[in-house]
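Here the structure is laid out as structure tokens; the discussion comes afterwards.
The values are calculated or read from the model by the stated rules, or taken from the named source; none is laboratory data. Computed from a predicted model, the values in this text were never measured in an experiment. Virtual Cβ from ideal backbone geometry, glycine too; neighbours counted across all protein chains shown.
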């Protein structure tokens, strides 16, 4: 059966001198070509003659002989260079001759030839029975427990000994919290199918901290602590989705204090909560002559002894507190300007209460000189941060 082929010509013109012998100057770009491959054959010759050349190619494939003539091939860079490409070759031997003629008028000045034999073998047959190998790559790394806490992009690629016909997906974005499973599939040209299942665990939500106990403590209260719950919606903690904790509280001094609670879930989401609490005196109430229910009425211009007692959580009297007093007049439910009280007897200084160790109470002699009839609110400001109030009437 006659073998068919197509020939494309590529001319490269290089300068040089035509050598007398062309032996070994024909080359092929493929040393062991296979059926279906394109072969490029090139001849190079030198000469000292400055004329153009005629190159005649003779290609023999079995009984089929083809001739290609390239006329007026010019020298460039002292060389004649010419190439042809052979396509559509079947298995077998291909003989390629190249004759170079340099002529002047009707006279041939130089004529040389060379030959190359090319063996075209049957294409290697692939018997592919293996499925494609699919790989997944991630734009960020998970933590050591496999959790992500930021949006994740997964890129899929497929490799195979034969050609990949299709891959179901190239890239997937995961931006919602959850444990996601995804399957990518691929098929090669032999019909083998492969798949890869990936799991993306994504948790971008911070845990929540909830304080579950009171934040007010008595001075010298024993076993004082603040309880709290920590909850997470997805990745959780080593103990589960939630846990409880507590903070021991020092109640040996009154005042306002705070501490921090920190929690980190398994995905690495970290939250910090500042908790404010207070340690206070046990206020034992306003003492006589003032009624604690606000029903006391005094003569305007008189001096009113304001008394109260403090103790700790065990009931022991407290003698070291700092207490100040002020008052404000109330008219028709509208408060007036706050007035700093003035003591008519020994106070520590200014509007400070003094401590009476005999009666184990604090006392301030409040002068109402110059005050008009009406209802007043007395305010006792303690150094534990609390304010105690009581109302009195003047007439």
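Brief remarks on what is shown
- The stretch 261-291 - residue that is closer than 14 Å to residue 393 by Cβ and loosely packed, with under 15 Cβ neighbours inside 10 Å and, of those, farthest from the chain's Cα centre (by Cα): 289
- In the stretch 154-192, the residues that are out of contact with any strand residue (DSSP E or B) (no Cβ under 7 Å at 6 or more places or on another chain) and surrounded by 14 or more Cβ atoms within 10 Å (Cβ to Cβ): 161, 190, 192
- Subset of the stretch 236-256 [modelled with pLDDT of 95 or more, assigned to a loop (DSSP other than H, G, I, E, B) and surrounded by 12 or more Cβ atoms within 10 Å (Cβ to Cβ)]: 249, 251, 254
- Taken over the stretch 269-290, residues that are assigned to a loop (DSSP other than H, G, I, E, B) and either without any contact (Cβ under 8 Å) to a residue 24 or more places away in the chain or in contact with a strand residue (DSSP E or B) (Cβ under 7 Å, 6 or more places away or on another chain) (or both) amount to 4.
- For residue 327, the conditions (1) at pLDDT below 95; (2) surrounded by 15 or more Cβ atoms within 10 Å (Cβ to Cβ); (3) assigned to a loop (DSSP other than H, G, I, E, B) all hold with the exception of (3).
- Residue 92 over 30 Å from residue 186 (Cβ atoms), at pLDDT below 95 and exposed (fewer than 12 other Cβ atoms within 10 Å of the Cβ): no
- Residue in the stretch 106-113 that is closer than 10 Å to residue 43 by Cβ and surrounded by fewer than 18 Cβ atoms within 10 Å (Cβ to Cβ) present: yes
- One residue from 16, 45, 6 being at pLDDT below 50 and under 19 Å from residue 112 (Cα atoms): 16
- Every pair of residues 6+ apart whose Cβ atoms lie under 7 Å, when the first sits in the stretch 155-176 and is under 20 Å from residue 139 (Cβ atoms) while the second is assigned to a loop (DSSP other than H, G, I, E, B): 155/170; 156/169; 156/170; 158/132; 173/151; 174/151; 175/151
- Residue within the stretch 379-389 that is touching a strand residue (DSSP E or B) at 6+ places or on another chain (Cβ under 6 Å), at pLDDT below 95 and surrounded by 15 or more Cβ atoms within 10 Å (Cβ to Cβ) present: no
- All positions within the stretch 359-370 that are crowded, with 17+ Cβ neighbours inside 10 Å and in a loop (DSSP other than H, G, I, E, B): 368
- Search result, residues across the stretch 207-235 that are touching a residue at least 60 places away in the same chain (Cβ under 8 Å) and either closer than 24 Å to residue 383 by Cα or part of a strand (DSSP E or B) (or both): 208, 209, 211, 215, 216, 217, 218, 219, 220, 221, 222
- One residue stands out among those in the stretch 127-144 that are in a loop (DSSP other than H, G, I, E, B) and surrounded by 12 or more Cβ atoms within 10 Å (Cβ to Cβ): the one that is modelled with the lowest pLDDT, which is 128.
- Residue within the stretch 343-358 that is at pLDDT below 90, more than 25 Å from residue 278 (Cβ to Cβ), assigned to a strand (DSSP E or B) and over 60 Å from the mean Cα position of the chain (by Cα) present: yes
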